[in-house]
Ligand code: ADP
């Protein structure tokens, strides 16, 4: 970014140099050409003006009246006539003054004889144009009039009579008329003498000023020449190589900034002066300034564009960084949430495991509780054969002493039979009491029902309750945890036994039936039935209507049935008593022969 900026600044500086050089060169060349043209026109104009008067004195030099006047200077009438004649000539040629000088340099006749400041009687012997004429040449001179104080260009010619110079005739041209035509121009037009004193100029304030300060000696010389009379010549303070052409000059004034000019000059040897054009460089400087402003504008726009594009790039980069940051943050968040979730899953799995373990424990506890209820009858069931075994054993001993072998054998046989029965009860109890794994196996349903019935049989017998099992020839296998299904059946049978306890008829009826792919085991009893108000909460944990009940049997049975993809429901039978129905998907159907 810094490099691009530096590059742009370097380009700008180079462009500034190239543009300003080009504008300067082309502007300068154009100004030189324009100024040269104007100088030529100015010089030609001056030349033509001078030429207008050039021949006039020569035309007058042998005029009889003029000659006569010079020969007879005391003749007032003749002088008056000559004055009128010179006035007429002067008006005709639109000159400033026309006058006649004798050989002493004294004016004897002049067009301005009536004026207060008439030349008549004035001596011009010191004027170079007089000296040139009396020496027989055509005189030309520019100077400030000593009488009038007006600038003029003097044309002189000797008046000759019989090959002798007898006087001088002079025509003075008014230079201010030339200036009028050149005023209002942008450039400064001027005529300078050999001392660089401005004699003609379209800038009035510069008139009779020297371009550069004059030395004291030069001043004295100028004063002695009386070209400018008593006029003190001030300096304009131009600096630069004045002699060069073209050249650049600087004018230092009281203003804060110096003014620069292009100077074009041309020496006019016939007139004895130098014509000059000073063209201000302001236009070129303005052009350069405009060029600079435009260039700066272009570069400013370029810089703006650059900054905009850099800003955009920066913004895009920021956006990208922000996007990456957000993405990273999101990924971190996802990781964190995933880790949390994993922890939660592990926690949940642990909890589920704990729950499963607790449920198993609960099932086991509930099972043991039922077993507790059955224990009195079972122990009775075990004690009876035990007492019988004892008496059979005693008897067998007596029979053995009496050597009644057959009777001894019979008793021993009975003992064996009884122990087998006890072992069967014991093994049933052991099977029922063991902790189940929860794994499902395909077992014949009838076996499970038989086992359950066997377990409650002592209690049924004790309480004189009759039980019937109606299998309707249905022999199916179900996919169950046998111990748990047995537990459910023992629960139902145990509840049924309690329900019929006080009933006049104590019957329990187990019925098997099929419904589509399901086998249904109904446990009916002849008790007083279930209070309809309790039906909705019958399977809730800890719901009991019994004083010593735990309220766990049905809720655990419900849970066990759901685990085995089966169901349990309770209803009242139409006539009396309750009906609990277990439904299970049939795994295998064994057709009975
Ligand atoms: P508990 O036997 O400890 O009360 P259960 O969950 O086995 O717990 O039974 C809940 C309730 O359901 C019993 O208290 C009883 O009111 C009712 N109940 C269960 N079986 C029968 C039935 N065969 N006849 C009438 N009510 C029954």
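Every read-out reported here was derived from the displayed coordinates using simple, explicitly stated rules and does not represent laboratory data. All of these numbers come straight from a predicted model, not from anything done at the bench. Cβ coordinates were reconstructed from backbone atoms using ideal geometry, including for glycine residues, and neighbour counts include every protein chain displayed.
General remarks:
- Per-selection Rg to Rh, region 335-380 - Cα, Kirkwood hydrodynamic radius: 1.47
- Cα gyration tensor shape for region 222-261, rounded if a/c is under 1.5, else prolate or oblate: oblate
- Per-pair calculated FRET efficiency, R0 = 45 Å: residue 216 and residue 58 via Cβ, rounded to 0.05: 0.65
- Mean Cβ count within 10 Å, highest first, over the residues of peptides 25-35, 325-335: 25-35, 325-335
- Entry note, region 514-576: relative contact order of 31 percent, from Cα contacts under 8 Å with a spacing of 6+ residues.
- Relative contact order of the chain, pairs being alpha-carbon contacts under 8 Å that are 6 or more residues apart, as %: 8 percent
- Mean Cα-pair separation over length for region 141-260, i.e. relative contact order, pairs under 8 Å, 6 or more apart, %: 16 percent
- Cα long-axis angle, helix 482-499 against the chain (0 to 90 degrees, to the nearest 10): 60 degrees
- Separation between Cα centres of region 158-204 and region 358-383, rounded to whole Å: 156 Å
- Region 483-593, Rg to Rh (Cα coordinates; Rh as Kirkwood inverse mean 1/r): 0.98
- For region 139-297: rounded, prolate or oblate by the Cα gyration tensor [a/c cutoff 1.5]: prolate
- Note on region 267-321: semi-axes of the ellipsoid equivalent to its C-alpha gyration tensor, largest first and rounded to whole Å, are 58, 6, 4.
- Over the C-alpha atoms of region 51-179, the Rg to Rh ratio, Rh being the Kirkwood estimate, stands at 0.92.
- Between 0 and 90°, nearest 10: helix 405-433 axis offset from the chain longest Cα axis: 20 degrees
- What the Kirkwood sum gives for region 305-422 is a hydrodynamic radius of 22.5 Å, with every pair of different alpha carbons counted.
- Available extension along the chain between residue 311 and residue 386 is 16.6 nm, counting 0.36 nm per residue and deducting the alpha carbon span.
- Beta bridges by DSSP in the chain, antiparallel share as percent, to the nearest 5: 90 percent
- Length released on extending from residue 401 to residue 359, taking residue separation times 0.36 nm less the Cα-Cα span: 9.3 nm
- Rg and Dmax of region 43-95, Cα atoms only, in Å: 13.8, 44
- Highest to lowest packing among 276-282, 117-123, scored as the average C-beta count within 10 Å: 276-282, 117-123
- Taking the centroid of alpha carbons for each part, region 67-93 and region 421-480 are 181 Å apart.
- Principal semi-axes in Å for region 366-499 [√(5λ), Cα gyration tensor, largest first]: 35, 17, 14
- Viscosity 1.306 mPa s, 10 °C: Kirkwood-radius Stokes-Einstein D of region 193-257 over Cα pairs, µm²/s: 124 µm²/s
- Viscosity 1.002 mPa s, 20 °C: Kirkwood-radius Stokes-Einstein D of region 375-419 over Cα pairs, µm²/s: 199 µm²/s
- Under Stokes-Einstein, with the Kirkwood radius over Cα pairs as Rh, the value for region 504-568 at 25 °C and 0.890 mPa s is 179 µm²/s.
- Rounded FRET efficiency, nearest 0.05, which uses the C-beta distance separating residue 417 from residue 328 and R0 of 51 Å: 0.05
- q = 0.17 Å⁻¹, region 1-114: log10 I(q)/I(0) [Debye, one scatterer per Cα]: -0.87
- On Cα atoms only, tilt of 282-401 relative to the major axis of the chain in degrees: 10 degrees
- Only Cα sites of the chain enter the Debye sum here, all with the same form factor; the resulting log10 I(q)/I(0) across q = 0.06, 0.07, 0.13 1/Å is -0.62, -0.72, -1.25, listed in q order.
- 10 Å binning of all Cα-Cα separations within region 290-357, expressed as whole percents from 0 upward: 17, 18, 16, 14, 11, 9, 7, 5, 3, 1
- Shape call, region 158-231: gyration tensor on alpha carbons, a/c limit 1.5: oblate
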